[in-house]
There are 2 protein chains.
Amino acid sequence: MARNTQVAADHNAPPVTRILAEFIVNHPSRGWSDAVDHEAHRTLMNWVGCAVGAAHHETAQAALAAVQLLQPAAQASILGRGEKVDMASAALINGISSHTFDFDDTHLKTIIHPAGPVASAVLALAEHTGASGRALIDALVLGIDVSCRVGNAMYPDHYDRGWHITGSTGTLGAAAACARLLKLDAQQTAMALGIAASQPIGVREQFGTMTKPFHPGAAARAGLMAALLAQQGFTASPRALEAPRGMMQTISTKNDWSEITSELGSRFEISFNAYKPFACGIVIHPSIDACAQLREQGVRPEQIERIELKVHSLVLELTGKKEPADGLQAKFSVYHGCAAGLTFGRAAEEEFADDIVNRTDMVALRRKVVATVDDAIAEASADVTAVLSDGRRVHVFVEHAIGSLARPMSDAQLEAKFHGMADQVLGAERCSALIAACWGVGSAVDVRALAEQGRD
Amino acid sequence: MARNTQVAADHNAPPVTRILAEFIVNHPSRGWSDAVDHEAHRTLMNWVGCAVGAAHHETAQAALAAVQLLQPAAQASILGRGEKVDMASAALINGISSHTFDFDDTHLKTIIHPAGPVASAVLALAEHTGASGRALIDALVLGIDVSCRVGNAMYPDHYDRGWHITGSTGTLGAAAACARLLKLDAQQTAMALGIAASQPIGVREQFGTMTKPFHPGAAARAGLMAALLAQQGFTASPRALEAPRGMMQTISTKNDWSEITSELGSRFEISFNAYKPFACGIVIHPSIDACAQLREQGVRPEQIERIELKVHSLVLELTGKKEPADGLQAKFSVYHGCAAGLTFGRAAEEEFADDIVNRTDMVALRRKVVATVDDAIAEASADVTAVLSDGRRVHVFVEHAIGSLARPMSDAQLEAKFHGMADQVLGAERCSALIAACWGVGSAVDVRALAEQGRD
C-alpha cells in the first residue's frame, strides 16, 4: 500500500519514455551523416571481433553450458562457435563473450560499453527474423543513442552509487533497437522501454568476475524479450523511465533530462564511441602508446638502460603494480604496459597472457621503468624517455593516446585488432571475410550471411 | 576506471553472502517446527491457486506468446494450462500468473509477496529434475527466508526509493532455493547469490500494469538461471550482496545487516507470511470482514437503511472512491468492499468483475455506506453499524481482519479461496485433487505428479 515517503522525487520530468519511443519509431532510416553511419560499422566490426575472440573462453563456456540445460531451439548463431541457440540466449552469450576481454567499445563520457547490450540483441533478432543489414545498422545507432543518452542523464551519480552503467542502461538500448527492428509502433515501443525499465542490470562489485561480462549479455537478453513482450501486447507504465518511482529516479539521484531530449535526432552518441587499442585500463594507454612509438623509432629492449616515465598521480594510483604475478594483475601495471609497448609494439589480450607476463626479458625490462608523478601532465598523457646503454636519450610525449577521441584508431588499426583477437578462433582468412562482411552490412539484403560467417 | 566517489559506503558489513550461502547448504532438511512446515504448504497451496486462476488472463497470455517465439523445449508445466515450456520460461510464466490477481501471499513486515519468485523457480526446476516434494518444501522455506531477510534489512528505504521489493529481493530468494534444490556447495551457492545480486527487478511505477506481475516472474527466471550458471562454474563476487558497490548498498541506503544474521536457522520468515482473503488493497480488509460478519449474523442487503462505517483516515485517503466505474477502480473503493461483504460474504476476484461492480443493487447498496474518519480506530481495524429499515442497529467491530497475522485464514478458508480462483479453470473436482496434492507434497517422492495435476 502507498504511504508517504522520505525520498525526494521530481514530479516535473518531461515525458522521456514517450519522447524516446517516438524518436525510435519515426527517425528515418540512415537519417544521419556518413560519418555516423561509418562509426556504426566500426562499432559493429569491433564488437564482432571481441565476441569471436572470447567465444571459447571459460566465461562463455560456462554460460553456454547453463543455457544448453534449457534445450534451446537453433534460432541464432553464437559468434565464433558452431552451436546455435534461441535468439534470446544468443543475445545473452554474444553479449557475454564480447565483454569478456574488456576490449570492446567505450562511450567515454559515461564509460558505457554500448555495443555489448545493443549489438548482441539486434544481431540475434535480425538473424532469426531475416532482417536487412540496413535495418540492423539503423537499430544499432538508435539503440546506442538511447542507452548513452539515459547514461548521460544519470552519470556520474548513478555510476558512483555502484551501478555498472553498461548493463543498467543497456537493457533500454537493446529494447529500443529491437523495437525498431520489429517495427513496433510508438505505443508498443514505449511499452518495450517500460518493460526494460524494470530490469537495470549490474553492480560494480562484480568487476573482476564473470558476472561483469554477464551484465551486457543479460541486458541484451532482457531488452530483446522486452520488445517481444511489447509486440505481444504486454503493458508497462508509459512513464516508466521518468516517473518519481520509475527507473531513473529509483537508481540515480542525478537526472538531467535535457541530456535525453537535447539535439535528439541530430546529435548521435555513437559518434563519441571509442575503441581500446590495448587490453587494459585506459589510464595506461598513453604510456603504452609512447613506448610503442619508441619502438617504431628503432629503440630495442636490449639497448635500454632505463625508461623514465612521467605521469599524472592517478596513473600510479590505479595501475602502479610493480611486480604483477599474472595477466590479470598486469592489466593494472603501467610497468608491464611499457615493457609490452617496447617489446611488441602492442598490448592486446595475448600480451597479457600469464606466460608473457612472467617471461624473464619482460620482468627485466619492466624493472628498468622508473615512474615519477608529475601532475602537470594530464591524466590522458604520458612523457617517456628511453635512456640507452650508449648514453643516448630518446624522448616521446603522448598528449592523447591512440584510441582516444582525439586520435581514433584508423579502420586499418581496427582490422588489425580484430585479427589479433579472432584469428586464433576462425583463422586469418575467415576473419578477413568476416571483416569485409561487417564493412558491407549496411547494404546487405539479409544479415544471415554475416551471422553465418561469424560461426565456427 | 575507478575514481573517488561521493556516495557513502559501509566497508564493515558482515559477509552476508557467505553466511547465507552456508545456511542454504547446511541447514538440515525440515530443520524447523511443524508449524513452519505447515506454513510452507499453505504458502505453496495459495500460490498454486493464484497461478492456476490467472493462467488464461491476458497478462499470462501475452507473456506466453512472447516466450513461444523462442520455440522453447517442453520441460516444465504452466499451471492451469496445457502448454509446457523450458523450465526458465515456466518459472517466468507461473510467476507472472501467480501475481496477476494481486491475491498472493504477503510478508507483512516488508510487503514482499515471497512465493511468486521462489515457488515459481523451484517448481519448474523440481519438475524438470524430478526432485522430491520434501526437497521442494525445504527449498521454498530457505529461499523465502533469504528474500525476506534481505528485504527486512533494506526496508523501508529501499521500497520508498521506488523498488518493487518483491522483485528486487525475489531474484536472491529464487537463486537460493534453486541452489538448494541443485545441491550446490557453499562456494557455488555464494556464486548463485552473487549472479542474482546483479539482477534486482522492478520499480513501483509499474503498479497497475502487466509489468507489476512480470516482476516476480522475471525474478524467478533470473534466480533459476543464476543457480544453473553457478552450477556450470560461472563466477561472481563472493561479497556481491554486502560490498560497498554490491547489490544492497547500491539499491538501499538503509541496510541493517543483523536482520539477515539474527536468529538465522531458528526464526523463519515464512512464519510471518499472510494470505489475502480479499482481492484488493489490505486497508479495506477490516471493513469487508465486518460487513461479511454482519451478513453471517443474518443482516441482508434489502434490510439496510444505512451502513455507518468508522475508519482511520488512511483508509479513505487510499480507498475512498465513492463511485467506482469498473473492477480496477472498485479495488480502491471501501464502499464497494462493504457492499460485496454484505451481499456475498466475500470479495474475491469475481466480486471485483466489472459487471458486479455496475450491478444496480451493488450501486444502490454502496451509496448507503456513510463513511466517517476516526483516527482513534487503528488502520488495521473497522467499526461498522448496520442501521436496518425497522430501526434496529447491528454493530460489529473488527480489530484485526481475517487474513492478518493475528487472525490467519484457516486451512479451510484457504481451500475455499483456492476454489474461488481456480475452479473456473480446472473445475472443482480437479482443484480438490490439486489442493490435496499440495497438502501432501512434503512426503511426495516426486513433484512431477503435482505439476502434472496443475496442468489443464
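Side notes on the structure shown:
- Residue check for B:Asp361: assigned to a helix (DSSP H, G or I), of a type in the set (D, E, K, R), touching a helix residue (DSSP H, G or I) at 6+ places or on another chain (Cβ under 7 Å) and surrounded by fewer than 16 Cβ atoms within 10 Å (Cβ to Cβ): yes
- Residue match in the range A:240-255 (condition: among the polar types (S, T, N, Q), surrounded by 21 or more Cβ atoms within 10 Å (Cβ to Cβ) and at the interface with another protein chain (Cβ under 9 Å from one of its Cβ atoms)): yes
- Cβ separations smaller than 6 Å between residues 6+ apart or across chains give no pair from the range A:203-230 residues that are within 19 Å of A:Leu140 (Cβ to Cβ) and touching a residue at least 60 places away in the same chain (Cβ under 8 Å) to residues that are assigned to a loop (DSSP other than H, G, I, E, B) and of a type in the set (Ser, Thr, Tyr).
- Of residues in the range A:145-174 being more than 17 Å from the chain's Cα centre (by Cα) and of a type in the set (A, V, I, L, M), the one nearest to the other protein chains (Cβ to nearest Cβ): A:Met154
- The condition of being at pLDDT below 95 and within 25 Å of the chain's Cα centre (by Cα) holds for only one of A:Glu349, A:Glu259, A:Glu269, that being A:Glu349.
- Residue within the range B:55-66 that is within 13 Å of chain A (Cβ to nearest Cβ), part of a loop (DSSP other than H, G, I, E, B) and in contact with a Phe, Trp or Tyr (Cβ under 9 Å, 6 or more places away or on another chain) present: yes
- Taking (1) under 28 Å from A:Pro15 (Cα atoms); (2) under 20 Å from the mean Cα position of the chain (by Cα); (3) surrounded by fewer than 24 Cβ atoms within 10 Å (Cβ to Cβ); (4) of a type in the set (A, V, I, L, M, F, W, C) in turn, A:Leu224 satisfies each apart from (3).
- Residues that are touching a strand residue (DSSP E or B) at 6+ places or on another chain (Cβ under 9 Å) and either modelled with pLDDT of 95 or more or buried (at least 18 other Cβ atoms within 10 Å of the Cβ) (or both) within the range B:301-313 comprise B:Gln303, B:Ile304, B:Glu305, B:Arg306, B:Ile307, B:Glu308, B:Leu309, B:Lys310, B:Val311, B:His312, listed in sequence order.
- In the condition set (1) part of a loop (DSSP other than H, G, I, E, B); (2) surrounded by fewer than 24 Cβ atoms within 10 Å (Cβ to Cβ); (3) in contact (Cβ under 8 Å) with a residue 24 or more places away in the chain, B:Gln71 is compliant with all but (3).
- When restricted to residues that are exposed (fewer than 15 other Cβ atoms within 10 Å of the Cβ) and either β-branched (Val, Ile, Thr) or within 15 Å of B:Leu140 (Cα to Cα) (or both), the range B:441-456 contains 2.
- Across the range A:212-235, the number of residues qualifying as at the interface with another protein chain (Cβ under 7 Å from one of its Cβ atoms), among the aliphatic types (A, V, I, L, M) and more than 22 Å from B:Thr250 (Cα to Cα) comes to 3.
- Residue selected from the range A:189-211 under the condition more than 7 Å from chain B (Cβ to nearest Cβ) and at pLDDT 95 or above, by the criterion farthest from B:Arg204 (Cα to Cα): A:Thr189
- Of all residues in the range A:1-19, those being modelled with pLDDT of 90 or more and either assigned to a loop (DSSP other than H, G, I, E, B) or among the hydrophobic types (A, V, I, L, M, F, W, C) (or both) number 8.
- Pairs with Cβ under 7 Å, 6+ apart, first in the range B:313-338 and within 12 Å of chain A (Cβ to nearest Cβ), second polar (S, T, N, Q) and surrounded by fewer than 22 Cβ atoms within 10 Å (Cβ to Cβ): none
- The range B:206-301 holds helices (runs of 4 or more DSSP H) entirely within its bounds, and those carrying 2 or more residues that are under 26 Å from B:His99 (Cα atoms) and assigned by TED's automatic domain parsing to the domain that holds B:Arg366 map to B:285-296.
- Residue count for the range A:256-292 satisfying the condition of being of a type in the set (Lys, Arg) and either out of contact with any Gly (no Cβ under 6 Å at 6 or more places or on another chain) or away from chain B (no Cβ under 14 Å) (or both): 1.
- Boolean, A:Leu426 is farther than 26 Å from A:Pro324 by Cβ, at pLDDT 95 or above and surrounded by 18 or more Cβ atoms within 10 Å (Cβ to Cβ): yes
The values are calculated or read from the model by the stated rules, or taken from the named source; none is laboratory data. All values reported here derive from a predicted model rather than from experimental measurement. Glycine gets a Cβ as well: all are built from the backbone with ideal geometry, and neighbour counts include every protein chain shown.
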